[in-house]
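Novice: This is the structure I have questions about; it appears just below.
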Amino acid sequence: MRKFIILAFILLTVGLQAQHRIQLTDSAQIQLVTCTQGEQVWSKYGHSGIRVVDPAKNLDIVFNYGIFDLMSDDFYIKFVKGETYYQLGIESYPHFLSFYRSIGRRIYWQELNLTPAQKQRIVDALMVNYQPENRYYLYNFVFDNCATRPYHLIKNALQDSIISTYKGFEGTDFRPAISHYTGPNSWVDFGINMVFGSRANTAMTNEQRLFLPEELMNYFAHATLSDGTPLVIRQDIGAFDPVKVPWYANCWLGIVAFAILMTLLSYYDRRRQRLTWGVDVLLGIIYLILIAIVIFLTFFSCHPLVGFNWRLLLFPIIHLCARLVYFVRR
């Protein structure tokens, strides 16, 4: 299915690959489009793109910095190492809209209040980025992604300051902001926090928090230029759906269940006067693998927030404490 989507994307964009410049007319619009979150881990934070509409030229396309191929060679190894290259793609907006609606994700839009010269600078910069030698970029989840790229491109093309009254996650640590979209106390949230180190506890600056598409959307909605001109002239936006974690999917319920099971196993082993070594060996191997992964990510990957934290030792400590039941004197 993924290969089919990629093939369709290529067929839809092949007609624009040879085009070096799009000359806009006075009726053209530039929009920031924001897609709500999806079910997959990489889509839980939403998505951003830049839409270019020019009715006089029958043009309605989206510049999408979020194109990647799950089926490419060593994708998961590269992803773990932080060496995943994304690319800028161009596709028709109707196709873009149809695809996201088909997977249950809403699309919001904001028409930017720009002069013809500013619109042309944005499109020219996008087309330069789309050239084969510039199209690929080293993706970074928090510092260089599908939201930060449109923001910096628009800001540079404006040749002006963007001032927003929207505070959102400004001054908030990376960790709780990310947890907001994965679902606090979900297993995904626990897993991400398990490999995030102390840097994830640093406060985000005004621009750093804009790696989150919803933050960027709301930032633009409350933004003006240096002379007080609103950045957005028209918009259709809304809030992302709050993440709901079912009670049975709460990670702490699973952690408590693990502690109870290990304690019961220790009582059982104590009654029969023999340890179930297979369980200890298997869990020990899992702990060592997890620690090795975090050490590898800390010293050999490009991920900026990865590092050691106490969550990595939680299960080994619970395991050890539960096993002490076997050795306590009667």
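Every number in this text was worked out from the coordinates using simple rules, so none of it is lab data. All of these numbers come straight from a predicted model, not from anything done at the bench. Here the Cβ is made from the backbone with ideal geometry for all residues, glycine too, and neighbour counts use every protein chain on show.
Novice: Taking only Cα atoms, what is the 0 to 90° angle, nearest 10, from helix 314-327's long axis to the longest principal axis of the chain?
Specialist: Helix 314-327 and the main axis of the chain meet at about 10 degrees.
Novice: Could you give me the ³J(HN,Hα) list for region 29-38, computed from phi with Karplus coefficients 6.51, -1.76, 1.60 and θ = phi - 60°, whole Hz, x at Gly and Pro?
Specialist: The phi angles translate into 10, 10, 10, 8, 10, 10, 9, 6, 6, x Hz.
Novice: Would you please report the Å³ per residue occupied by the convex hull of the alpha carbon atoms in region 235-293? Mind showing how you got there, number by number?
Specialist: Working: hull volume 6.8 nm³, N = 59.
For region 235-293, the hull spanned by Cα atoms encloses 116 Å³ per residue.
Novice: Another one. Give the angle, between 0 and 90 degrees and rounded to the nearest 10, that separates the Cα long axis of helix 116-130 from the longest principal axis of the Cα atoms of the chain.
Specialist: Helix 116-130 and the main axis of the chain meet at about 50 degrees.
Novice: Using θ = phi - 60° and the Karplus relation 6.51 cos²θ - 1.76 cosθ + 1.60, list the HN-Hα couplings for region 152-157 in order, rounded to whole Hz, with x at every Gly or Pro.
Specialist: With coefficients 6.51, -1.76 and 1.60, one gets 5, 5, 5, 4, 5, 5 Hz.
Novice: Figure the gain on full extension for Asn201 and Ile317 (residue separation times 0.36 nm, minus the Cα-Cα span) and round it to one decimal in nm.
Specialist: Full extension from Asn201 to Ile317 adds 39.4 nm.
Novice: So, one more: In the chain, if every C-alpha pair distance is counted and binned at 20 Å from zero, what percent goes to each bin?
Specialist: 27, 49, 19, 5, 0
Novice: Helix 251-272 versus the longest principal axis of the chain: what is the Cα-based angle in degrees, 0 to 90, to the nearest 10?
Specialist: Taking the Cα atoms of the chain, the angle to 251-272 is about 20 degrees.
Novice: When Phe68, Phe327 are ordered from fewest to most other Cβ atoms inside 10 Å of their Cβ, what list results?
Specialist: Phe327, Phe68
Novice: Could you give the dipole magnitude of the chain about its Cα centre, charging the beta-carbon of Lys and Arg +1 and that of Asp and Glu -1, in debye to the nearest 20?
Specialist: Using Cβ point charges on Lys, Arg, Asp and Glu, the chain gives about 1520 debye.
Novice: Report the full-extension gain for the segment Ala292 to Leu261: residue separation times 0.36 nm, less the Cα-Cα distance, to one decimal in nm.
Specialist: Result: 8.6 nm gained on full extension.
Novice: On each of the three principal axes of the Cα atoms of region 248-327, give max minus min coordinate, whole Å, ordered largest first.
Specialist: So the three principal-axis extents are 50, 27, 17 Å.
Novice: Ranking request for peptides 180-191, 206-217: highest mean number of other beta-carbon atoms within 10 Å first, then the rest in descending order.
Specialist: Output ranking for 180-191, 206-217: 206-217, 180-191.
Novice: If you plug each phi of region 180-191 into the Karplus form 6.51 cos²θ - 1.76 cosθ + 1.60 with θ = phi - 60°, what whole-Hz ³J(HN,Hα) values come out, in order, with x for Gly and Pro?
Specialist: 3J(HN,Hα) across region 180-191, in whole Hz: 4, 9, 7, x, x, 6, 7, 5, 5, 4, 5, x.
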